[in-house]
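Taking it in order: structure first as structure tokens, then the write-up.
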There are 2 protein chains.
Amino acid sequence: MVEKKSFKSALIVNPGIEQPSSINRDALQRQRKHRKRTLSPEQYFEGIINGNIPILSQAITLVESSLPAHHELGQQVIEKCIPHAGNSLRIGITGVPGVGKSSFIEALGGTITSRGGKLAVLAIDPSSERSKGSILGDKTRMETLSSDPKAFIRPSPSAGSLGGVARKTREAIILCEAAGFDTIFIETVGVGQSETIVHSMVDFFLLLMLAGAGDELQGIKRGIMEMADMLAITKADGDNVHKANLAKAQYESALHLFPATESGWTPIVRTCSSLTKTGIDVIWEDMLSYMHFTKGNGYFQSRRLKQATFWMHQSILESLKEDFYGNPAVKTALKEAEKDVIAQKISSFAAARNVFNRYRNQ
Amino acid sequence: MVEKKSFKSALIVNPGIEQPSSINRDALQRQRKHRKRTLSPEQYFEGIINGNIPILSQAITLVESSLPAHHELGQQVIEKCIPHAGNSLRIGITGVPGVGKSSFIEALGGTITSRGGKLAVLAIDPSSERSKGSILGDKTRMETLSSDPKAFIRPSPSAGSLGGVARKTREAIILCEAAGFDTIFIETVGVGQSETIVHSMVDFFLLLMLAGAGDELQGIKRGIMEMADMLAITKADGDNVHKANLAKAQYESALHLFPATESGWTPIVRTCSSLTKTGIDVIWEDMLSYMHFTKGNGYFQSRRLKQATFWMHQSILESLKEDFYGNPAVKTALKEAEKDVIAQKISSFAAARNVFNRYRNQ
């Protein structure tokens, strides 16, 4: 377990991660210009496969950028990195705010790096209500992990379309894997559509839960529980242990009633405490068992391939939709059509046909 | 309860429903030609709102037709019917083969019509593995309902794309409602993607289950249980009653752990027997309670409107995809791209961009 104390200021986040622009905008601007002039795709690639964290971080900034030149350069770096990517366990972690996600990631991350693993923590948060300030807060909450040289924490790309954020995150995974990270966490808040997105880019999906099956569940979207390969009940310490064990038994019997998973893996329920570190090691061993199991039965690789083609088609769909919905004539026609559909003047399908014809025949 | 015996041959299905073409193809052909010559959109409309079942049935055939002239005529009829549609409770019913869906529909349908309701039974079965023979089998299994003048049973439109079948079914709902049917069943097999489709076109979703939570569940796709407003455990008669009650208790405690529904409705678990008719009335009363409850809190109407706009956008998406994937240049480029993605030569996103550019710039 990594237990060394960080002596850095809480404002200094991971080495190599850009500081929030509010801290030193001028320096950052100069740095950015500097980067653009000096690094070629080859240099980015070299830096990344040598595990150079500042260069990895810059490359992620490129793929996240909306500037066409940056985007193009980012794509070239991605193409070079792809043959070196894929060698990791990708883990999705979700749970409602208050479940203790940051502390959990800090604790599990410590277990992983202390056993020699290299961990990258990425986040998907498309409908971002989090300010820059609270992202910083997240990272300071992961104080030990932030100063761990074997860990790399990258805040969520700034809010955009779900498709856009998904692309950026999937490309960040490729870059991190090429840089030698063998465990990737994709963190998300369990309240929106982002879980489905995360689920379709990871190997293992973990749902963090609070003990007590009542109100705490309200925030979780239906369907998420059935995607989970593991439920972990957090904060199982002190007075909470009994309640957590009770919840565990309840969830176990509930999961038992769920249909079988495609992977053949039976979802597990665990209790854990990020405070006392109880149950954290077991969770990591479960994840390794899962990887071993699904690599053994071929599911791991077949799912990866399915995900890759899924994302290609998903991305095509995004382009088709952008082209359509971004069209000015469509925008006008659509407003009318929606009004007519809601007023029951026209069927959904006839309305769709009218708008589509307007699009095709212009 | 309608208990009168049907004296018709098992081959004679609902009055007004077309016979399978094998029975009397020539007569059918003549009838079709006759129809085309004689009925205008106004005549179809008049017939439908007067509850003329043969005309309703012909109109459904029009919207199901792939002939452009029929399709166009069908759309005109739909437009006329839309203002008269919507006044029904739309119920989705799913369950694996063997759960006793036909007998259940027969029993529940009897309850509904004996209480003065008018029931239309439609089916969605896109990946149709059922032969014409077994559709006929289904209808003969619903022998009482088939001869009930207040019931209208319509087999699934012949296999097509999920989107195509969805459109046909949604349009059939409109026509049936305009014809005065106040309860619509949409039946589907709980093994594919069709449940999600059905779920997005109904007000209430019922999952039929067999007692015993083991192997019987294997066929049900994960996520379906969480869509259900009610679980009904079938075949709760004779030796099976105890097992069914046990399963009921188990599912109840499992559902209790599920997150709250958007409607505010708490999903119910019931046991029933189509044989002894036990529990069937209660299920119908539950459905009415649901309608009352969701009409009271505004969810019923808001969901209908959401579904209508959802289907408009869904239909647009279908058109965009057809146009793209039907394009010969795209087909060629896509084959290459998929190979490269799977061989990890190129990222999913770059591959998508390449194919999309080929499509746009031709």
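The values are calculated or read from the model by the stated rules, or taken from the named source; none is laboratory data. As the structure is a prediction and not an experimental result, all values here were calculated from the model. Reconstructed Cβ throughout: ideal geometry from the backbone, glycine too, with neighbour counts over all protein chains shown. Just the protein is used for accessible areas: all its heavy atoms, side chains included, with ligands, DNA and RNA removed. Shrake-Rupley method; radii C 1.70, N 1.55, O 1.52, S 1.80 Å.
Numerical summary
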{"item": "Shortest-first distances to equivalent copies, position B:ILE49, nm, label 7 Å out along Cβ", "result": "7.3"}
{"item": "Accessible surface, 1.4 Å probe, highest first, among residues B:LEU275, B:LEU162, A:LEU67", "result": "B:LEU275, A:LEU67, B:LEU162"}
{"item": "Label spacing, shortest first and in nm, from A:ASP182 to its equivalents in the remaining copies (7 angstrom along Cα→Cβ)", "result": "6.8"}
{"item": "At 7 Å out from Cα toward Cβ: A:GLY326 inter-copy label distances (nm, ascending)", "result": "2.5"}
{"item": "Partner chain coverage, peptide A:161-168 - average Cβ within 10 angstrom", "result": "1"}
{"item": "Calculated Rg and Dmax of the stretch A:263-362 using C-alpha coordinates, Å", "result": "24.2, 65"}
{"item": "Shielding by other protein chains, B:303-316, mean Cβ within 10 Å", "result": "6"}
{"item": "Placed amide H near A:GLU187: partners under 5 Å, 5+ positions off or other chain", "result": "A:ILE93, A:LEU122, A:ALA123, A:ILE124"}
{"item": "Amide proton proximity set for B:ILE153, modelled H, under 5 Å, gap of 5+", "result": "B:VAL121"}
{"item": "Per-residue average of Cβ from other chains inside 10 Å of B:348-361", "result": "6"}
{"item": "Solvent-accessible ranking of A:HIS199, B:HIS292, largest area first, probe 1.4 Å", "result": "B:HIS292, A:HIS199"}
{"item": "Backbone HN-Hα couplings from phi across the stretch A:109-120 [Karplus 6.51/-1.76/1.60, Hz, Gly and Pro as x]", "result": "x, x, 4, 5, 6, 5, 8, x, x, 10, 10, 10"}
{"item": "Accessible-area order (highest first, 1.4 angstrom probe) of the listed residues A:ARG154, A:ARG353, A:ARG115", "result": "A:ARG115, A:ARG353, A:ARG154"}
{"item": "Neighbour-limited loop hits for GluC sites (Glu not before Pro), the stretch B:231-335 (at most 16 other Cβ within 10 Å; DSSP other than H, G, I, E, B)", "result": "B:GLU262"}
{"item": "Out-of-range pairs (alpha-carbon distance over 24 Å; input B:LYS248/B:LYS277; A:LYS150/A:LYS306; B:LYS101/B:LYS150; A:LYS168/A:LYS248)", "result": "A:LYS150/A:LYS306; A:LYS168/A:LYS248"}
{"item": "Residue-by-residue Karplus 3J(HN,Hα) for the stretch A:225-241, coefficients 6.51, -1.76, 1.60, Hz, glycine and proline x", "result": "4, 6, 8, 6, 8, 8, 10, 10, 8, 8, 6, 7, 9, x, 5, 7, 4"}
{"item": "Convex hull projection area averaged over all views, the stretch B:37-84, Cα basis, nm²", "result": "3.0"}
{"item": "Amide H contacts of B:ARG270 (H built 1.01 Å from N, under 5 Å, at least 5 apart or other chain)", "result": "B:LEU231, B:ALA232, B:ILE233"}
{"item": "The stretch B:326-341 - phi-based ³J(HN,Hα) in whole Hz, Karplus 6.51/-1.76/1.60, Gly and Pro as x", "result": "x, 6, x, 5, 5, 4, 5, 4, 5, 4, 4, 4, 4, 4, 5, 5"}
